[in-house]
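Taking it in order: structure first as structure tokens, then the write-up.
The values are calculated or read from the model by the stated rules, or taken from the named source; none is laboratory data. A quick note: this is a predicted structure, and the numbers were derived from the prediction, not measured. Heavy atoms of the whole protein, side chains included, go into the accessibility calculation; ligands, DNA and RNA do not. Shrake-Rupley method; radii C 1.70, N 1.55, O 1.52, S 1.80 Å.
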Amino acid sequence: NRRLASNGRSLRHALRHWDALGRRVREAKGILLLADYDGTLTPLVAMPEEARLSATMRTLLRRLAGLRGVQVGIVSGRSLRTVRRLVRIPGVFYVGNHGFEIQGAGVQWTHPRAQRAAVHLRRVIGPLRGALADLAGARVEAKGVSLSVHWRQVAASDIPRFRRLIQQALRPWIAQGRVRVTRGKRVVEIRPPIAWDKGCSVAWIVRHLPRPRPEMVLYLGDDRTDEDAFRAVNRLRGVSIVIGRRKTAARWWLASPAEVLELLRRFAEVREMARDQCGHALPLNAPKNAG
């Protein structure tokens, strides 16, 4: 299956071309490893609150977070509080609400304009829930500085009605410039009208990491909202990996969260084997006790 980036170039599968990618992982003096949560570290599920890290994935993320020269971050559309509760791994960056909230490495930051704009979002919640009250499967999630309207459980026959109700409910707020509306996988995201996204949060983290800054930034994501992060990582000459099938700004791809697990396992092994006890670089596939 040939996968295309948005520029028409073929994407490389990150596992089938692991020799090239693994060499970069081994040789980089510092790596910032970032991943979306839903659909990347966990499979997408009908009810978002049921998306849980497997024990294997959590153990692997802890292992990665403990590697010297590797900084791990979780970048999510969920609220910061929620993504922290779901992941529960110390020493990593947590990015919530598509980048409006960032915490990690001694930093806790919320976009100041987003905090001020949240008052308008709170006023949207009541009318929005009222408009969707009779539509089975639609649910409004308040996340502090953003809102999500989930419609994974809306029947196919009700989707046109759902879209019409959403447009009618949000039209006054959009006309006043009070909200910005974007769409992901079976979710409508309602955010402050601020030019800020996951890509901006990636750049923010890179700027605020202790020096020296990482030689390599790697980002994994599956949703449309991850496209901003892919573009930011490409500008940093990093590794952008999309999960699933679509045209994308990413340069690499994987098919599923199961393949993400395998990629991260190889990542950990390569970094652990990259240097022997004397600090000398080992060959990419050399056994740990080689020599």
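Annotation: amide H of residue 239 within the under-5 Å range of 217, 218, 219, sequence separation 5 or more or interchain, hydrogens built in the peptide plane. For residue 120, the accessible area of its heavy atoms, probed at 1.4 Å with every protein chain present, is near 40 square angstrom. Across the chain, the relative contact order, built from alpha-carbon pairs under 8 Å that are at least six residues apart, equals 23 percent.
The structure-derived value of semi-axes √(5λ) of the Cα gyration tensor in Å appears in the list [x] 33, 24, 18; [y] 36, 20, 17; [z] 55, 27, 12 under the label [y].
For residue 24, the accessible surface of its heavy atoms amounts to roughly 90 Å² (probe 1.4 Å, protein chains only, rounded to the nearest 10).
When 159, 174 are compared by accessible surface with a 1.4 Å probe, the order from highest to lowest is 174, 159. Across segment 92-103, rounded Karplus estimates of 3J(HN,Hα) from the backbone phi angles (6.51 cos²θ - 1.76 cosθ + 1.60, θ = phi - 60°) give 10, 7, 10, 10, x, 6, 6, x, 6, 10, 9, 9 Hz, Gly and Pro being marked x. Taking the DSSP beta bridges with both ends in segment 36-164, the antiparallel portion is around 75 percent. Database remark: amide H of residue 11 closer than 5 angstrom to the amide H of 3, 4, 5 (H placed geometrically; neighbours at sequence offset of 5 or more, or on other chains; Pro and chain starts carry no H).
Residue 251 sits with roughly 90 Å² accessible to a 1.4 Å probe, with DNA, RNA and ligands left out of the calculation. Enumerate the aspartates and glutamates that residue 185 could reach by cross-link, defined here as Cα to Cα under 17 Å, with residues fewer than 8 away along the same chain left out. Cα-Cα hits under 17 Å: 36, 38, 49, 50, 141, 158, 197, 222, 223, 226, 227, 228. Looking only at the chain, where both bridge partners belong to it, what percent of the DSSP beta bridges are antiparallel (to the nearest 5)? In the chain, approximately 50 percent of DSSP beta bridges are antiparallel ones.
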